[in-house]
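First up is the structure itself, then whatever we jot down about it.
The values are calculated or read from the model by the stated rules, or taken from the named source; none is laboratory data. Here the structure is a predicted model, which is why all the values come from computation and not from measurement. In this analysis, Cβ positions are derived from the backbone assuming ideal geometry, glycine residues included, and neighbour counts consider all displayed protein chains. Side chains are part of the model used for accessible areas, which takes the heavy atoms of the whole protein and leaves out ligands, DNA and RNA. Shrake-Rupley method; radii C 1.70, N 1.55, O 1.52, S 1.80 Å.
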Amino acid sequence: EVQLQASGGGLVQAGGSLRLSCVASGFDFDDIAIGWFRQFPGKGREGVGCVGSEDITATWYSDSVKGRFTVARDNAKDTVYLQMNKLKPEDTAVYYCAARYGRVIGVVGTSPDEYDYWGVGTLVTVSS
């Protein structure tokens, strides 16, 4: 069956970097988009960055992470990475990867409601 496994979370100081990984199995990987989302306490999940089925790096990022985070896929490994640089305390959240079949064009394919498959989140804590 299909599975998504996010990993790489941990504790990092503000200004530091961290890389999360999402390994997908059971999919036609080349045909899926993968999005990274994060959830703050008491709030719903918000988009971080999404890479479509025909892209190598994400074409959409939230304004709050743009220029600091990069989403890239490695189709040979069925893996999508979230590289986080210049981390801020407000980046502290549980991070999830999710999948859907389709592309990311502009904002289309970037909403959590559009994603069908979800992995278990990994906690990222940024200290000040």
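Just one of the numbered conditions (1) under 15 Å from the mean Cα position of the chain (by Cα); (2) modelled with pLDDT of 95 or more; (3) among the hydroxyl-bearing types (Ser, Thr, Tyr) is not true of residue 127; which one?
(1)
Can you tell me how many residues in the range 39-69 are touching a residue at least 60 places away in the same chain (Cβ under 8 Å) and surrounded by 13 or more Cβ atoms within 10 Å (Cβ to Cβ)? Please lay out each step first, then the result.
Start the filter on the range 39-69 by keeping residues that are touching a residue at least 60 places away in the same chain (Cβ under 8 Å), which leaves 39, 44-47, 50.
Then drop every residue that is not surrounded by 13 or more Cβ atoms within 10 Å (Cβ to Cβ), which leaves 39, 45-47, 50.
Selection size over the range 39-69: 5.
Are any of the residues in the range 53-69 on the phi > 0 side of the Ramachandran plot, out of contact with any helix residue (DSSP H, G or I) (no Cβ under 9 Å at 6 or more places or on another chain) and modelled with pLDDT under 95?
No, there is no match, as no residue in the range 53-69 is on the phi > 0 side of the Ramachandran plot, out of contact with any helix residue (DSSP H, G or I) (no Cβ under 9 Å at 6 or more places or on another chain) and modelled with pLDDT under 95.
Looking at the range 21-35 only, could you name the residues that are in contact (Cβ under 8 Å) with a residue 60 or more places away in the chain and open to solvent by less than 60 Å² (accessible area, probe 1.4 Å)?
Result: 21, 22, 24, 27, 32, 33, 34, 35.
Could you say which residue among 120, 104 is aliphatic (A, V, I, L, M) and open to solvent by less than 90 Å² (accessible area, probe 1.4 Å)? Write out each step before concluding.
Details: 120 fails: open to solvent by less than 90 Å² (accessible area, probe 1.4 Å).
The conditions single out 104.
In the range 6-20, which residues are farther than 19 Å from residue 120 by Cβ and either assigned to a strand (DSSP E or B) or open to solvent by 30 Å² or more (accessible area, probe 1.4 Å) (or both)? Write out each step before concluding.
Narrowing the range 6-20 to residues farther than 19 Å from residue 120 by Cβ: 12-17.
Correct list: 12, 13, 14, 15, 17.
Tally up the residues in the range 1-44 that are in contact with a Pro (Cβ under 9 Å, 6 or more places away or on another chain) and closer than 15 Å to residue 94 by Cβ, please.
3
List, please: which pairs have Cβ atoms under 8 Å, are six or more places apart or on different chains, and start with a residue in the range 93-117 that is within 18 Å of residue 75 (Cβ to Cβ) and end with one that is open to solvent by 40 Å² or more (accessible area, probe 1.4 Å) and among the small types (Gly, Ala, Ser)?
That search, which allows pairs on different chains as well, returns nothing.
Considering only the range 79-89, I want to know if a residue exists there that is loosely packed, with under 12 Cβ neighbours inside 10 Å and under 15 Å from residue 18 (Cα atoms).
In the first step, residues of the range 79-89 are kept if they are loosely packed, with under 12 Cβ neighbours inside 10 Å; the result is 89.
Of the ones still in play, those that are also under 15 Å from residue 18 (Cα atoms) are 89.
Scanning the range 79-89, I find at least one residue that is loosely packed, with under 12 Cβ neighbours inside 10 Å and under 15 Å from residue 18 (Cα atoms), so the answer is yes.
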